[in-house]
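This report concerns only the one structure given below.
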Ligand code: SAM
Ligand code: SF4
């Protein structure tokens, strides 16, 4: 515990960016196999004893909050809801003064949305990349569109506000559904957020040609449902509000409109590796530190060193860009 006389200090990097947002991957496992994320087969899961326990995760989160004033924690994976007892972790983290959110594929929410809400989860993002059953199955390699749609409705019914639906747009795969998704968001009362495809697919098939630029996404929607921009703050999503008052959309232009200069995130993988960036090629082994008797001072120092070494930007469009060896599900999106 931090001495109360010792207020949080900003966790700044060499470019003056202050970090306040912790992304925690609670598992590398997943019940889907989305083509832009995982291979069809052949993932080697981390053995259970390599995953951080709920106590270890809570301890790191507490250091982030008490030492550095973090105000936001997002749980992700793999698929976070396949980790047994997730609500127990939510309850522990909900005791911290943070905005606590979850990113999920939605497949288990009919059963879990209510208990997660009761455990203290504040917000929920649900991934859905096609509204067409055959295409959904081709994309996720699972025939579960009705379950995910029911899951989205269960999240709304449980009182999450707003529920956000994440759509990864891939050229030639689902870019003809952009306006359908806008309509879906308006009809269902959810905020749809379109995400540019990033070079983090396990199959390594990503190419620039498959990226649908965020400006193109916004223009396609604007032509049917006129919008106006909303101030985004440090939100990676560029926000646009419908002029008729029927909600808003978000567009996350990681590739064509990088927001690295305002990045305030650090990421913890399920096996306890701290990453300063989604695209980092190096990590800090917090699990070994935790399990070798590190003090909170030691953990805080490791956080500082990792963030101090953060680069200015991911440089996806540079010829020198090197893909991280871990794919999205192994990092935690
Ligand atoms: N399983 C959960 C889910 O799908 O929401 C959480 C983990 S998933 C890795 C987190 C987010 O990353 C999802 O919104 C997913 O669509 C997105 N994602 C995965 N691979 C991606 C890629 N190559 N480019 C862009 N977004 C990706
Ligand atoms: Fe699983 Fe999420 Fe990756 Fe899809 S995007 S394979 S649901 S971790």
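The values are calculated or read from the model by the stated rules, or taken from the named source; none is laboratory data. Note that the structure is predicted; figures quoted are calculated from it, not measured. Glycine also receives a Cβ, built like all others from the backbone with ideal geometry; neighbour counts cover every protein chain displayed.
Tabulated data for the structure shown
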read-out: Number of the exception - residue 98 against (1) in contact with a helix residue (DSSP H, G or I) (Cβ under 7 Å, 6 or more places away or on another chain); (2) at pLDDT 95 or above; (3) within 16 Å of ligand 1 (Cβ to nearest atom); value: (3)
read-out: Region 119-150, residues that are within 21 Å of residue 101 (Cα to Cα), within 12 Å of ligand 2 (Cβ to nearest atom) and in contact with a helix residue (DSSP H, G or I) (Cβ under 6 Å, 6 or more places away or on another chain); value: 126, 128, 129
read-out: Cβ-Cβ under 8 Å pairs, at least 6 apart or on other chains, region 72-83 side over 16 Å from residue 117 (Cβ atoms) and assigned to a loop (DSSP other than H, G, I, E, B), far side more than 6 Å from ligand 1 (Cβ to nearest atom) and at pLDDT below 95; value: 77/332; 78/330; 78/332
read-out: Within region 11-53, considering residues that are closer than 23 Å to residue 287 by Cα and without any contact (Cβ under 8 Å) to a residue 60 or more places away in the chain, the one nearest to the chain's Cα centre (by Cα); value: 29
read-out: Number of the condition not met by residue 222 [criteria: (1) over 28 Å from residue 100 (Cβ atoms); (2) touching a residue at least 40 places away in the same chain (Cβ under 8 Å); (3) away from ligand 2 (no atom under 14 Å from the Cβ)]; value: (2)
read-out: Residue list for region 52-71, restricted to those being surrounded by 23 or more Cβ atoms within 10 Å (Cβ to Cβ) and part of a loop (DSSP other than H, G, I, E, B); value: 52, 70
read-out: Single residue of region 71-91 satisfying the filter (more than 15 Å from ligand 1 (Cβ to nearest atom) and under 23 Å from residue 9 (Cα atoms)) that is farthest from the chain's Cα centre (by Cα); value: 71
read-out: Check on residue 116, away from ligand 2 (no atom under 16 Å from the Cβ), crowded, with 18+ Cβ neighbours inside 10 Å and in contact (Cβ under 8 Å) with a residue 40 or more places away in the chain; value: yes
read-out: Spans of strands (runs of 3 or more DSSP E) in region 191-245 with at least 2 residues crowded, with 19+ Cβ neighbours inside 10 Å; value: 191-196, 238-242
read-out: Condition broken by residue 38, with the remaining ones in (1) out of contact with any helix residue (DSSP H, G or I) (no Cβ under 8 Å at 6 or more places or on another chain); (2) within 16 Å of ligand 2 (Cβ to nearest atom) satisfied; value: (1)
read-out: The one condition in (1) within 21 Å of the chain's Cα centre (by Cα); (2) surrounded by 20 or more Cβ atoms within 10 Å (Cβ to Cβ); (3) closer than 16 Å to residue 19 by Cβ that residue 299 fails to fulfil; value: (1)
read-out: Boolean, residue 276 is surrounded by fewer than 18 Cβ atoms within 10 Å (Cβ to Cβ), in contact (Cβ under 8 Å) with a residue 40 or more places away in the chain and touching a strand residue (DSSP E or B) at 6+ places or on another chain (Cβ under 9 Å); value: no
